[in-house]
1. Go through (1) crowded, with 16+ Cβ neighbours inside 10 Å; (2) at pLDDT 80 or above and name the single condition GLY89 misses.
2. Which of (1) at pLDDT below 80; (2) outside any helix (DSSP H, G or I); (3) in contact with a Gly (Cβ under 7 Å, 6 or more places away or on another chain) does GLY47 not meet, given it meets every other one?
3. Quick one: count up the residues across the range 92-126 that are surrounded by 15 or more Cβ atoms within 10 Å (Cβ to Cβ), among the small types (Gly, Ala, Ser) and either part of a loop (DSSP other than H, G, I, E, B) or within 24 Å of the chain's Cα centre (by Cα) (or both).
4. Please specify each residue of the range 156-200 satisfying the condition of being at positive phi and open to solvent by 20 Å² or more (accessible area, probe 1.4 Å).
5. Name the single residue, out of those in the range 127-155 being farther than 29 Å from ASP60 by Cα and not aliphatic (A, V, I, L, M), that is surrounded by the most Cβ atoms within 10 Å (Cβ to Cβ).
6. Just one of the numbered conditions (1) of a type in the set (S, T, N, Q); (2) more than 23 Å from ASP114 (Cα to Cα); (3) modelled with pLDDT under 90 is not true of SER169; which one?
7. Filter the range 300-346 down to the residues that are among the small types (Gly, Ala, Ser) and surrounded by 19 or more Cβ atoms within 10 Å (Cβ to Cβ), then identify the one that is modelled with the highest pLDDT.
8. Select from the range 156-166 the residues that are over 30 Å from TYR61 (Cα atoms) and either of a type in the set (A, V, I, L, M, F, W, C) or modelled with pLDDT of 85 or more (or both) and list them in ascending order.
Amino acid sequence: MKKIYILSSVLLCTFASVTAQSTNTEYFVSSSYTRTNLNPALRPANGYVGFPVLTNVSLDYKTNTFNLENFIIPGISDKLDANGKKKAGFIFNKNVDYNTAMKNFSDANFLALDFNATLLGFGFYAGDMFWSFDLSARVLSDFNVPFGFFDFLKKGLQSGSTYDFKDLSISATAFAQTAIGTSFPLMDDNLMVGVKLKVLTGLGAASFNIDRFQFDMASGESKQWMLTTQGTLQVHAPGVKTKPKEGAEGEDEIDTDDIKPAISGWGLGVDLGGVFNLGYISDALENFSVSAAVTDIGGISWDKANTVTLTTNETDIMLIDGDGSIDELSFDEIGDQVKEAMKLHETKDAKNMKGMGLRSKMNIGVDYAFSSFPANVGILSTTHFNPAKTFTELTLGGSIRPFKKGLELGASYSLVYSNFQKFGVSLHLGNFLFISSDYLMPKVNSDFLPVSVKGLNVQLGIAIPLGGHKKKGSIDATPITPKSKKEKPKKEDVPPVEIPVEAPIETPVDVPVETPVNEPVEDPATVTTTTTIQY
């Protein structure tokens, strides 16, 4: 256990087919607070305060060739089942021809694992800006096997063959991540920009890589079979050191007696993303948006005081100097020669090996939000930049919110990565509890074992919802699309303008005043009464 303590942990994690920081299905779900891990500009509908440890727990396992379908061939075994039919057999069975056994393997055959547990997390709106914070524990591991390794296992020792095991490697990195993210709108809310800064605290790492490992099995007049080797083992951990291996002169091994939990390295990382509403260009496109992000840019610088590096000498060994007959050489003899060639000894001032940092990803999405009912559909391209191999997924997805609040359902379907066999689903209850997976319905055999799936994951979390984005005149957040540009007033919506009209000028009419008849008169003889009307 002392000898390969960390590497054993790597193997255990690598073959544990359980759940990345966020599933691709979450990309399309508006109530998801974890989709900021896929694009920091994708803001959730509400703020949140996560439950400790249960804010977000996820683990993502991916491979390009390591599935049962590539290793188990039905109907080729010499043994019969209960129905009298031939049982399935391993690809290295003598009844499986070479082309059938090797057709699905590539130059780099890898397993990749990304485990994340958010210990503490929260997010909130402050005006137009959204802020988030989380403290997480992460473990990344990779296992890569070159084509030459399977080629050798299938062919065996054959004169005239060359087997190259270069880049056979296994690595694991454990670190704590403290992240602060923010997003804010520009261009009348049509462009959402997001950034997330990460402080990485290295807890430990280990990597073993075959730099050179080649069998040259000559034929014809040549009588020499040659083995060329060179490999490197590097471990980062507080208190790690080496010691001479007992019973092996000139060989060192890892001493884990003094390893303790502590910080052994520091690093920085950053996520960058944006979402643009096409309605800014044309009113006909206001329901469409495009998004792009690059996540986990950065790495960890490990403390040299907590680092040991062991390497083999670059060795050329002559295995046979005779007639080149296979009968003269057994696997045991080759094993002894390889063991001798791969003796490790400590090397000073070695550089940090690859595979001990972050795994960058690039996400590009297109989304359409329906106007008549609360749902959206879209497509997402995800490119994984793994140390062993770069590969791309293409996923259709969407979500629906059947009630105004309290429930959101997401779904996804793979177009490329799992040969049209990957279905995903996401369930969010009241912005409180969610569970999500990109691999809900893998193809299984008669024993209910997944035989063709190239990935397995599941993600879950619990959080207390906070208030959403409150702004006068704003609408509820759509899944990916920011608020579209302000509509111009239509002609028919313009209120009529009232023009004041002056009152008509009336022509005065003189009305004569009659003198009362009964009014007393001083001299009645000289008074006359006259009535006159003027027009």
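The values are calculated or read from the model by the stated rules, or taken from the named source; none is laboratory data. Nothing here was measured: the structure is a model prediction, and the numbers come from that model. Cβ sites come from the backbone with ideal geometry, for glycine too, and all protein chains shown count toward neighbours. All accessible areas refer to the heavy atoms of the entire protein, side chains included, with ligands and DNA or RNA removed. Shrake-Rupley method; radii C 1.70, N 1.55, O 1.52, S 1.80 Å.
1. Result: GLY89 passes all but (2).
2. That leaves (1) as the condition not met.
3. Adding up the residues that qualify gives 5.
4. As a first pass, look at the range 156-200 and keep what is at positive phi: 156, 160, 167, 187-189.
Of everything in the range 156-200, those that are at positive phi and open to solvent by 20 Å² or more (accessible area, probe 1.4 Å) turn out to be GLY160, ASP167, MET187, ASP188, ASP189.
5. Ranking the candidates gives PHE152 first.
6. Only one criterion is unmet by SER169, namely (2).
7. Ranking the candidates gives ALA341 first.
8. Within the range 156-166, the subset over 30 Å from TYR61 (Cα atoms) is 156-162.
Matches in the range 156-166: LEU157 only.
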